[in-house]
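The values are calculated or read from the model by the stated rules, or taken from the named source; none is laboratory data. All of these numbers come straight from a predicted model, not from anything done at the bench. Note that we place each Cβ from the backbone using ideal geometry, even for glycine, and neighbour counts take in every protein chain shown.
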Amino acid sequence: MRARETNPEPAELALRALVWTLGEPDRALRLLDVTGMTPADLRTRAGEPAVLSAVLGFLESYEPDLIACAGGIGERPEAIVAARAALENAA
């Protein structure tokens, strides 16, 4: 079994990615525009697999953000993609 540091839980990774995404106002607005979510949606539904999957899908759709986020949260880009797939299957 892998150590937790190398195999993060998908929801935990996605929440860290969400915090990273919201840390830059223009990127946060782009997330809302692309996903159709509102700030209230994010506040009330942030823990739901479908919302977390949408956040990771947003990052995955623009490689510079995916790579920057991975570096910012200390994960590999492949881990973000894998977490999105796992959350999508859980939704």
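Observations on the structure shown:
- Yes/no for residue 68 being modelled with pLDDT of 95 or more, over 16 Å from residue 91 (Cα atoms) and either of a type in the set (A, V, I, L, M) or surrounded by fewer than 11 Cβ atoms within 10 Å (Cβ to Cβ) (or both): yes
- Matching residues in the range 74-91 - criterion: being touching a residue at least 24 places away in the same chain (Cβ under 8 Å) and either buried (at least 17 other Cβ atoms within 10 Å of the Cβ) or outside any helix (DSSP H, G or I) (or both): 75, 79, 80, 82, 83, 84, 86, 87, 91
- Residue that is farthest from residue 84 (Cα to Cα) [pool: residues in the range 50-62 that are assigned to a helix (DSSP H, G or I) and either among the hydroxyl-bearing types (Ser, Thr, Tyr) or in contact with a Pro (Cβ under 8 Å, 6 or more places away or on another chain) (or both)]: 52
- Among residues of the range 19-40 that are under 19 Å from residue 70 (Cβ atoms) and small (Gly, Ala, Ser), those with a beta-carbon under 6 Å from a residue that is in a helix (DSSP H, G or I) and modelled with pLDDT of 95 or more at least six positions away or on a different chain give the pairs 28/22.
- Selection status of residue 33, acidic (Asp, Glu), in a helix (DSSP H, G or I), crowded, with 16+ Cβ neighbours inside 10 Å and at pLDDT 95 or above: no
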